[in-house]
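The values are calculated or read from the model by the stated rules, or taken from the named source; none is laboratory data. Note that this is a predicted model, so its numbers are computed, not measured. Every residue, glycine as well, gets a Cβ built from its backbone with ideal geometry; the counts of neighbours run over all protein chains shown. Accessible surface is based on the protein model in full, side chains and every heavy atom, while ligands, DNA and RNA are left aside. Shrake-Rupley method; radii C 1.70, N 1.55, O 1.52, S 1.80 Å.
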Amino acid sequence: MAAEVLWISAKEIDQLGITMTEIMDGVEAGFAAIGRDEGEMPAKIGIHPREDCFIHAMPCYLGGDIDRAGVKCVSGYPPNPAKGHPYITGIMLLNDPETGLPQAVMDAAWVTAWRTGAASGVYARHFGDPDTTSVAMIGTGVQARVNLLAMKEVFPKLADIRCYDLYEASTDRFIADMQPQLPGAAFTKCADMQSAVTGSDVLITCTPIVETPERFIPRDWVKDDCLVISVDYDSAIHEDVFAGANFTCDNRNQYVWTREQGTYFRNGYPGPADIDADMSEICSGTKPGQRSGRRGAVLMGIASHDIMTAALVFDRAAKAGLGTKVEL
Ligand SMILES: NC(=O)c1ccc[n+]([C@@H]2O[C@H](COP(=O)([O-])OP(=O)(O)OC[C@H]3O[C@@H](n4cnc5c(N)ncnc54)[C@H](O)[C@@H]3O)[C@@H](O)[C@H]2O)c1
C-alpha cells in the first residue's frame, strides 16, 4: 500500500489560527524533554554554497509523552530579498517514530519564523522582569515581528517599542504591520542604532548572520539590567556585552560544537565554562532563571522547536481537513 504524506503550505498553516502562546508552550515542552534526556538532537549541520549563505539539516526525536520525530532542511540566503525571494526558505518533514514513514511535509519558513520568536518568549518567561516596558528591535524583518509578538505575551506593560533597521523603509513597514498588534504601545523609528538600544529594558537583534561580524552594539550602549537576546548569532552584539553577564544559550552541545567549528562565537564570545545555563536546564527545572542584572542569551534555534511546532501544525491541519494528501 502506498503511503500518504500530508503537504501543508504556508497559506494553509496561516488558516489554522495557531497562537504564539501555543507555540511557546510547545517550545518550552521540547526544551524540557531535552533537559530530561528524553530524545535525540545532534547539533545542526550545514553547508555554505555561497558566502554568508547556509543550508542546514536539523533532525530531532523527542521521546517520553511527546514521541515525535522529523527533520528540517532550511536555507538562509541574504542576497535573496534583492532577487524577490525570501531570505529563509525550506521544508519541514515529520516522521512517524514507529515506522519512520513520512507523515507530513510543510513550509519550513513559517515554522522557523514562529518557533524562533517563541524561543525568545520562553527565555523571557524565565529571565524577564515582569515590569518591562521598553524593547529595542534591531533589524526589523520577519524575526523582529515574531519576537515582538512573543514579548507581548510575556510583558503585559510593554509600551515603548524602539526600532532600528539599516533601511528606513523596512522600519516603516514593521511599524505599519505591528502597531495594530500592540495598539497601546508607542513605536519609535530611531535614526541610529545607539538611540534604539540606550535605556531599553530588552534588546533583541535580528540582523543577517554573517561570517565576518561587525558586532556593532558595544557594552556602554546597554543598560546594566538589560535582557539581551541575540537571534543573529554573534553578528550584532559585541562580546563585551556578555562578559560578566548571566549567559544562557538554547543548547550547550550545539553552541559549543558550533563554536569549535571556528566560524562563529570566537574572539571573546562566551566559552563552555562561561555558560551559566542552557534553556533545557532552565525548562526542566535543573537550573533557575534570573530576573535582574545584565543577562543575555544566544538563541541559535534548535530542532526540538521545529518538531514541537510542526507537530502542532500537523495535528491541527489533520483535524481541520487542511493540506493535500500526496502519495509517496
Ligand atoms: N536563531 C534562530 O533560530 C534563527 C531563526 C531564523 C532566523 N534567524 C536569523 O535571524 C536574522 C533575521 O532573520 P529574518 O528572517 O528576520 O530576516 P529578514 O531579512 O526578514 O530581516 C533582517 C533585517 O535586518 C536588516 N538589516 C540588515 N543589515 C542590518 C544592519 N547592519 N543593521 C540593522 N539592520 C540590518 C534588514 O534590512 C532586514 O530588515 C537572520 O540572521 C537569520 O539568520 C535566526
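Summary of values
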quantity: Subset of the stretch 246-282 [on the phi < 0 side of the Ramachandran plot, at pLDDT 95 or above and in a loop (DSSP other than H, G, I, E, B)]; calculated: 250, 251, 269, 270, 271, 275, 276
quantity: Residue 234, sole failed condition from (1) surrounded by fewer than 20 Cβ atoms within 10 Å (Cβ to Cβ); (2) over 30 Å from residue 105 (Cα atoms); calculated: (1)
quantity: Residue satisfying all of: in the stretch 283-304; within 24 Å of residue 46 (Cα to Cα) and in a strand (DSSP E or B); farthest from the chain's Cα centre (by Cα) among these; calculated: 297
quantity: Failed criterion for residue 126 (all others in (1) buried (at least 23 other Cβ atoms within 10 Å of the Cβ); (2) away from the ligand (no atom under 13 Å from the Cβ) hold); calculated: (1)
quantity: Selection within the stretch 165-196 - open to solvent by 40 Å² or more (accessible area, probe 1.4 Å) and in contact with a helix residue (DSSP H, G or I) (Cβ under 7 Å, 6 or more places away or on another chain); calculated: 177, 181, 189, 194
quantity: Residue check, residue 314 among the hydrophobic types (A, V, I, L, M, F, W, C) and open to solvent by 10 Å² or more (accessible area, probe 1.4 Å); calculated: yes
quantity: Some residue of the stretch 295-302 being open to solvent by 70 Å² or more (accessible area, probe 1.4 Å) and either farther than 23 Å from residue 201 by Cα or within 14 Å of the ligand (Cβ to nearest atom) (or both); calculated: no
quantity: Long-range neighbours under 7 Å by Cβ, at least six apart or interchain, first residue assigned by TED's automatic domain parsing to the domain that holds residue 100 within the stretch 52-76, second aromatic (Phe, Trp, Tyr); calculated: 53/77; 69/61; 75/54; 76/54; 76/87
quantity: Count - residues of the stretch 165-195 that are closer than 25 Å to residue 127 by Cβ and under 21 Å from the mean Cα position of the chain (by Cα); calculated: 4
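Residues checked against (1) outside any loop (DSSP other than H, G, I, E, B); (2) among the charged types (D, E, K, R); (3) in contact (Cβ under 8 Å) with a residue 12 or more places away in the chain; (4) open to solvent by 20 Å² or more (accessible area, probe 1.4 Å):
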position: 22; (1), (2), (3), (4): yes, yes, yes, yes
position: 33; (1), (2), (3), (4): yes, no, yes, no
position: 43; (1), (2), (3), (4): no, no, yes, no
position: 92; (1), (2), (3), (4): yes, no, yes, no
